[in-house]
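Scroll down for the structure; my scribbles are underneath it.
The values are calculated or read from the model by the stated rules, or taken from the named source; none is laboratory data. On a predicted model such as this, the values are computed, not experimentally measured, just so you know. Please note: Cβ atoms are built from the backbone with ideal geometry, for glycine as well, and neighbour counts cover all protein chains shown.
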């Protein structure tokens, strides 16, 4: 009897008294007062009210669950290519990859099945990097403002464009920029309401056209007024050969 | 026991008397062993411990006194609301009990209810997405089994609990037995899926699959239907006619002038009359 009471006291001390409000989670419970022992293979004794008093041992919804591993079974933009193994949070992996069928569970069979794709040479893959589509989209949307002098004569060079790209937040090497077929010279007021495009090569593979507009810059009083939302307004093509391509660019709506 | 020398008392009789089980009353006694197997898997087997941590081993020793006690894991009783059959709760259920929030206060009644959420599960074999009510435990079980189909097929009925899960399991098994007809548009994929899941078929016979996942009343009505179809009543007029023809044959009298063309050939209006036909037919 003493032993039993001691064990009861012990269990009562360990369990923290918390239950201040109702929470709806997966519960792991424990009897505060376990029922007495019964005969081997016999009936469980009739239980009293106190045998239904439970203490919360653990709440599994509060505990952090381990991440799960998945294998991509196709190219996913911004994530990876076939055969890439990802370690993700349970819900993200399930909802964003397993359910749409973009990935499968990383069990030994699937790892073996999609391993072959991993060894393929880079040329065979359709994309040079998982993030290249995103970069292409960003450049496609961009209306590049090329700031040139209003007083000094100039001829448009790749390094001008490189600097303009850098101002807009894109690091583009000069070698990746393909200039328009016609030389553009200035300052020239005719350039103001015109646009043209240059071609940027990403990772020596993907090519994307970028719209450019010349902006004449001058200090002090000669400064031209700033045009509000210039990227939303369509302009005339500077080079007639480029007109067809320029028509296909998207304009951000109001 | 039945020897005449033994004095049969009420006490002895009460010992020999065995209460009739579920499968020994009425039409239930005609349920096939295939259904009995499923019933055992569903209702008799002990489900896995979800809401408590079972103690390991057979014995434990009291640290203070050194006494040895047997370990008896008495499971926490669960409540199964009707809604459990419309979702897949992964073995979770409602626990009804008390909380002792303070040592100096009276215990208060409390229900521990699992958190339910509606999400989508993908079944490879059925080739569909399903919107079902689940718990977090279900999703982690699906992930642990590497897929919804594997989870359903590997888990015994006592852990699935819900009728919905059992019906889906039955449908998946039937689909596998027929060789995945839903993937017929892509024979390569069909073959792959069949190869992946065919191991589960080995533990069921076709009859067991047919009786799998039926509730008690569904099983009983199925038995009744089968029985009715087998013992379809034959109209007595057919029986009597057959008997009469046999009798006539045995007596050596040839049946004549009974064929239809002979009747039509006769001119007598009496033979053309059909007393059981409609008015205009007569």
Filter result (under 20 Å from residue B:155 (Cα atoms) and outside any loop (DSSP other than H, G, I, E, B)) within segment B:208-226: B:208, B:209, B:210, B:211
Check on residue B:20, in a loop (DSSP other than H, G, I, E, B) and loosely packed, with under 13 Cβ neighbours inside 10 Å: yes
Helices (runs of 4 or more DSSP H) lying entirely in segment B:89-188 (those with 1 or more residues that are within 11 Å of chain A (Cβ to nearest Cβ) and touching a strand residue (DSSP E or B) at 6+ places or on another chain (Cβ under 8 Å)): B:136-144, B:148-154
Any chance residue B:156 is surrounded by fewer than 17 Cβ atoms within 10 Å (Cβ to Cβ) and touching a residue at least 60 places away in the same chain (Cβ under 8 Å): yes
Residue, surrounded by the most Cβ atoms within 10 Å (Cβ to Cβ), within segment A:190-203, restricted to residues that are outside any strand (DSSP E or B) and in contact (Cβ under 8 Å) with a residue 12 or more places away in the chain: A:191
Positions within segment A:100-125 being at pLDDT 75 or above and in a helix (DSSP H, G or I), in sequence order: A:108, A:109, A:110, A:111, A:112, A:113, A:114, A:115
Tally, over segment A:66-85, of residues that are buried (at least 17 other Cβ atoms within 10 Å of the Cβ) and in contact with a helix residue (DSSP H, G or I) (Cβ under 7 Å, 6 or more places away or on another chain): 6
Candidates B:92, B:63, B:86, filtered to the one that is within 30 Å of residue A:100 (Cα to Cα) and surrounded by fewer than 14 Cβ atoms within 10 Å (Cβ to Cβ): B:86
Condition met for residue B:64 (closer than 30 Å to residue B:123 by Cβ and touching a helix residue (DSSP H, G or I) at 6+ places or on another chain (Cβ under 8 Å)): no
Unmet requirement for residue A:34, which otherwise passes all of (1) surrounded by 14 or more Cβ atoms within 10 Å (Cβ to Cβ); (2) modelled with pLDDT under 85; (3) out of contact with any strand residue (DSSP E or B) (no Cβ under 9 Å at 6 or more places or on another chain): (2)
Lone unmet requirement of (1) surrounded by 14 or more Cβ atoms within 10 Å (Cβ to Cβ); (2) part of a helix (DSSP H, G or I); (3) within 24 Å of the chain's Cα centre (by Cα) for residue B:229: (1)
Within segment A:126-148, tally of residues that are at pLDDT below 80 and in contact with a helix residue (DSSP H, G or I) (Cβ under 9 Å, 6 or more places away or on another chain): 3
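Condition check ((1) outside the structural domain of residue A:198 (by TED's automatic domain parsing); (2) without any contact (Cβ under 8 Å) to a residue 24 or more places away in the chain; (3) in a helix (DSSP H, G or I)) across all residues:
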site: A:140; (1), (2), (3): no, no, yes
site: A:146; (1), (2), (3): no, no, no
site: A:169; (1), (2), (3): no, yes, no
site: A:172; (1), (2), (3): no, no, no
Restricting segment B:24-60 to residues that are in contact (Cβ under 8 Å) with a residue 40 or more places away in the chain, under 22 Å from residue A:26 (Cα atoms) and surrounded by fewer than 16 Cβ atoms within 10 Å (Cβ to Cβ), the residue that is nearest to the chain's Cα centre (by Cα): B:46
Members of segment B:194-223 found to be more than 22 Å from residue B:161 (Cβ to Cβ), touching a helix residue (DSSP H, G or I) at 6+ places or on another chain (Cβ under 6 Å) and in contact (Cβ under 8 Å) with a residue 60 or more places away in the chain, listed by number: B:197, B:207, B:223
Residue check for residue A:63: exposed (fewer than 14 other Cβ atoms within 10 Å of the Cβ), modelled with pLDDT of 85 or more and either more than 9 Å from chain B (Cβ to nearest Cβ) or not in a helix (DSSP H, G or I) (or both): no
